[in-house]
1. Magnitude of the Cβ-charge dipole of region 276-411, K/R +1 and D/E -1, about the Cα centre, nearest 20 debye?
2. Excluding ligands, DNA and RNA, what is the solvent-accessible area per residue of region 119-181 at a probe of 1.4 Å, expressed in Å²?
3. With every protein chain left in place and a probe of 1.4 Å, what is the accessible surface of ARG390, to the nearest 10 Å²?
4. Give the accessible area for GLU401 in Å² (nearest 10); use a 1.4 Å probe, count only protein heavy atoms, and leave out ligands, DNA and RNA.
5. So which aspartates and glutamates can LYS370 reach, going by Cα to Cα under 14 Å and dropping same-chain residues fewer than 8 places off?
6. Consider just the alpha-carbon atoms of region 70-205 and return their Rg together with their Dmax, both in angstrom.
7. For GLU61 and SER248, compute 0.36 nm times the residue count separating them, minus their Cα-Cα distance, and round to one decimal in nm.
8. Once the cut-off is 23 Å, how many percent of the Cα-Cα pairs in region 291-411 end up in the long-distance tail?
Amino acid sequence: MARDNSDIFSLSSESLLPAIISIILLAIATCILNKKWLRIRQSDANFDFNENFFVDSTSGEIKQGQREVFIDFIKNWIAQFTSRRINKFSLTVSNPQTCGETIERCVAFVTQRGVKDLTLDFSNPKWNENDLDDKHALFQLPTHVYQLGSLLKSLKLYSCSFDMPDILNFGALKDVSLGWIEVPMNTLKTLLSTCKTIENLSLKRCWNLVDFDLKDIVQLGLKRMVLNKCDTQCIKLDAPNLKFFKYSGDVFTSEICVAPSAGDLVTVSAKTYLNVRHLILKTQMHKYELCGFEFLLNSCPLLEKLTLDISQQVIFKDYRLPYLTDLEKFWQTRRVFAQCLQNTLKMIEIFGSRATNQELRTCCFLMKGKALEQINIKLSNEDGNIEFHRRRAQRLLKAPERSENLQITID
Ligand SMILES: *[C@@H]1O[C@H](CO)[C@@H](O)[C@H](O)[C@H]1NC(C)=O
């Protein structure tokens, strides 16, 4: 009898365990959601519904259950929310195709309440940033959103496409972020030249932007631009108000367009000038990075401080030089002396230095800077060879380029 019981027990525990765990987890999730729900009702008119806060399981079945709770939660919110105004709304959910109706209802709901700041993120956290194959917009911006017109101040869409020319309805947009979608260059140009109010533009993993040329736009109002791993191959723009520019991706090929020869570099750098006083470069100081490094120096004529944060970076093995040059003699053969080196660059700091040949050569070049007062070098001790690096770095103290007024610290 006892034996039978235990058999039954062990049998049931094995087969039922996953189901029991998922029920418990669902109960916990619902409980958490209820608490959040209370908090949301009390907060002002800003809402952030993010699937990732609720779905944390890796087991397919539990995940599905957690997701259903999340979707139900949104439905309940719509049914019970009474305020007439919603200021800010953000929805993050993957696989939007499977809950399209709820998304449509939810977006319609916030649109009717005059949302000013809308974020829809349908990208999948598992997508690999370095691989664009098979990614496409999984959802379309519901058409009623366009009726918001000048009410909308901020629009962020990830894996969510939009219509042209309807998007031009948003005449008072200030902040635009797009990710994981195709953005044809013409669309971007039309958007920026029509909605002149746009101050912030962020593009992440967007494509069809190979020839990123915004130069024809007069009075481009951009103050802040982030280009993150898009397929841009050259960047041309005239943005007098730009205060912040962050670029991540293949910098060097961008020089193909802006600097077909070193002679052209002078004029180009004057046009693409950035109002940057402090430039922080995360770099490996690999020779493949030199052209990009020089491009940035030439683009920042007001630079006062340069920080080189040396660490391992992705170096593309198939990199091809934008113009003919011998990388070993890169700095010796420069014909252009960046404006910031002539006038403004006072301070250089280097973190994680190993005093490699490339670093020392770069320093010697920068030491020709007419306004340079101070170089602070913090050596890396990751490989336990700090004394070796120090001896190498000390060569800079005796370098012929060093002027009397230049202070160099090494520690
Ligand atoms: C632009 O982006 C910055 C940084 O994210 C933010 O602080 C600022 O409020 C944004 N400006 C507008 C007009 O949205």
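1. Details: 21 positive and 16 negative charges, 65 e Å.
So the dipole magnitude of region 276-411 works out to roughly 320 debye.
2. Details: 2690 Å² over 63 residues.
Accessible surface, normalised per residue, equals 43 Å².
3. 60
4. Accessible area, nearest 10 Å²: 60 Å².
5. Excluding near neighbours in sequence, the set is GLU304, GLU401, GLU404.
6. So, for region 70-205, Rg and Dmax equal 14.8, 43 Å respectively.
7. Full extension from GLU61 to SER248 adds 63.6 nm.
8. It works out to 32 percent of all Cα pairs.
The values are calculated or read from the model by the stated rules, or taken from the named source; none is laboratory data. All of these numbers come straight from a predicted model, not from anything done at the bench. Here Cβ is always computed from backbone atoms with ideal geometry, including for glycine, and neighbour counts include all displayed protein chains. Side chains are part of the model used for accessible areas, which takes the heavy atoms of the whole protein and leaves out ligands, DNA and RNA. Shrake-Rupley method; radii C 1.70, N 1.55, O 1.52, S 1.80 Å.
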